[in-house]
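Participant: Please read through the structure below; I'll follow up with questions.
A short reminder: the numbers here are calculations on the coordinates, not readings from a lab. As the structure is a computational prediction, the values presented were derived from the model and not from experiment. Note that we place each Cβ from the backbone using ideal geometry, even for glycine, and neighbour counts take in every protein chain shown.
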Amino acid sequence: MWGGVIFRELYYLKGMPFWLDEMLLGQSLFKTDIADLFSPLENYQKCPPLFCVITFIILKIFGYSCYSFRLLPFMSSIMSIFLFSIISLKLFKTKIPVLMGLLIFSVCPVLIYYSQEYKPYSTDVLVCLFLIFIYDYLHFKNINTKNLIIYSISAFILPIFSFSAIFIIPAVIIAKTIEEKYITKKILIVFSSYILANIYLFFLYSNIYSAEIEALEWKNGFLNLSFSSFYKIILNFFHFCIYSFNDNYFIPVILFLVFGFIILFKNNRKYAILIALIIFFLLVASFLKFYPFHERLILFTIPIFILLIVTPLDDSRFFYIKTIILSVIIFLILNLKYLPYITYPENYLNRRVNEKYRTVMTNSISTLLSQIPNNTKIITTEELRVYMEFYNKLLKYNKTFEVDLYFINSDFQKTMEDLINKTFENNQNKNLLILCKNLNNDELNILDEDSIKKIIENIINKKNYEYTTGKDKYMFWYLIKV
């Protein structure tokens with residue numbers, strides 16, 4: 001457990017530069033009025049309002065930095081470890097499944113990675129575990145007025161703090177009703193609070209065009225009635241959270257999960273029903289195209305799957321199965337190829353978010369911002385626009401510039417010449433900066449960060465029109481000073 005805390009703390013303290021998704025969300029946090037965070041966010045972002053509000057308060061107390069932005073996800077991840085251990089001790093009779101489950105949870109690279117990213121996914125994990133933890137302490141039968149008020153307020157607040165609560169709260173209400181075999185009208189009051197929160201979220205985001213939902217990445221998380229669709233979304237999730245997952249492992253892993261659920265149902269039926277309802281509501285939301293069953297959006301299900309995988313270890317009747325599961329877990333943990341991803345989990349995700357990419361982009365943009373004059377006309381891509389605007393506020397350069405976007409076509413040179421001519425026709429007395437970035441992970445392996453910074457500084461110091469490719473075609477930079 002403490003190893004998991006240390007891994008997360010070390011990764012948090014690295015202070016990784018922000019990547020695009022964090023900046024898209026973070027731009028809304030530079031607003032001066034906290035009430036604005038309860039209205040639609042900038043850049044078509046969809047995020048629980050209270051998550052943004054708490055981060056906003058943290059930023060005002062500790063100042064604007066990567067550590068302040070990421071403090072809430074980091075603390076959520078740390079608290080999740082302790083909650084997971086408490087739930088495991090409550091759920092299992094023996095120590096082996098508790099220790100194995102906690103070991104997997106503590107060193108899971110995906111959970112470690114999102115412990116330091118300014119996105120609400122680690123908070124989703126915390127809320128999921130919190131609702132599972134308090135399940136035993138909830139009582140709807142003969143509920144008194146005080147508890148009714150607490151339950152109702154919580155049912156309203158939690159969905160606007162974490163989207164995971166949208167699926168878990170109704171699962172908790174239904175599972176508790178089944179357990180107590182009693183239905184009271186007071187439950188409708190709690191459920192009404194939950195419905196009001198969802199209505200608010202619906203109207204908050206219904207008028208926002210979401211490029212993400214239209215993207216192919218999210219479409220892959222929507223379920224239809226075919227078996228192939230179910231197979232695909234589950235397989236994609238396994239690839240996301242299990243190191244070196246091979247498609248041939250699909251059936252064995254599913255069997256492990258099903259077997260674990262059966263054992264849990266026999267040993268602790270109420271929690272098995274709760275887990276089944278959570279997954280059921282997620283799959284229904286995916287089928288209705290309300291919420292994708294995809295990667296980080298369902299990060300909060302990872303602790304549930306871990307609990308199911310280690311559940312057979314708690315049953316003395318299945319010695320051979322226990323031995324197999326235990327051997328597989330130990331193999332995964334001790335696999336030498338797996339260990340580097342515990343300390344460098346961003347590489348595990350195989351996404352364009354690695355440290356060198358972020359550092360190069362951040363330093364390059366910072367250098368540009370420190371030297372460009374005010375009232376510069378900037379023509380650039382959407383990604384670089386976000387970098388420029390975000391770091392201009394974060395680093396307090398407070399430069400004034402105008403941004404236009406362009407899309408790269410096959411004739412890049414002609415596109416740039418047309419933009420230059422058009423700009424000079426309308427802005428005779430303005431500085432013009434045209435930026436285009438063309439980076440990928442393979443090129444980053446041989447990219448010299450210092451040379452890129454020198455290229456930028458040289459371009460900025462030029463007084464005449466200059467065109468540069470950096471010789472290795474890492475970046476295209478135009479600077480025109482009139």
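Participant: Under the classification rounded if a/c is under 1.5, otherwise prolate if a/b is larger than b/c and oblate if not, where does region 67-156 fall, given a ≥ b ≥ c as square roots of the Cα gyration tensor eigenvalues?
Facilitator: It comes out oblate by the Cα gyration axes.
Participant: Let me ask something additional. For region 2-348, what does the relative contact order come out to in percent, with C-alpha contacts under 8 Å and a separation of six or more?
Facilitator: Once normalised by length, the contact order is 22 percent.
Participant: If eta is 1.002 mPa s and T is 20 °C, what Stokes-Einstein diffusion coefficient results for region 2-348, Kirkwood Rh from Cα pairs, in µm²/s?
Facilitator: 101 µm²/s
Participant: I'd like the Karplus ³J(HN,Hα) series for region 226-236: coefficients 6.51, -1.76, 1.60, θ = phi - 60°, whole numbers in Hz, and an x wherever there's a Gly or Pro.
Facilitator: 7, 5, 4, 5, 4, 4, 5, 6, 5, 4, 4
Participant: Under a plain spin-label model, where a point goes 7 Å from the Cα along Cα-to-Cβ, how far apart in nm are Glu402 and Lys46?
Facilitator: 3.5 nm
Participant: What is the distance in Å between the Cα centres of region 29-51 and region 2-22?
Facilitator: Region 29-51 and region 2-22 have Cα centres separated by 24 Å.
Participant: Fewest first, what order do Leu148, Leu89 take by the number of other Cβ atoms within 10 Å?
Facilitator: Least to most surrounded, the residues fall as Leu89, Leu148.
Participant: Give the long-range amide H neighbours of Val403: residues separated by 5 or more places, or on another chain, with amide H under 5 Å away, using H modelled in the peptide plane at 1.01 Å from N.
Facilitator: Ile378
Participant: Here's another thing I want to ask about it. What ranking, highest mean first, results for peptides 18-27, 114-123 when packing means the other Cβ atoms within 10 Å averaged over each residue?
Facilitator: Packing proxy ranking, top to bottom: 114-123, 18-27.
Participant: Under a Cβ-only charge scheme (Lys and Arg +1, Asp and Glu -1), can you give me the dipole magnitude of region 223-300 about the Cα centre, in debye to the nearest 20?
Facilitator: The calculation lands at about 280 debye.
Participant: Go ahead and run the numbers for FRET between Phe133 and Ile195, Cβ-Cβ distance against an R0 of 22 Å, rounding to 0.05.
Facilitator: 0.40
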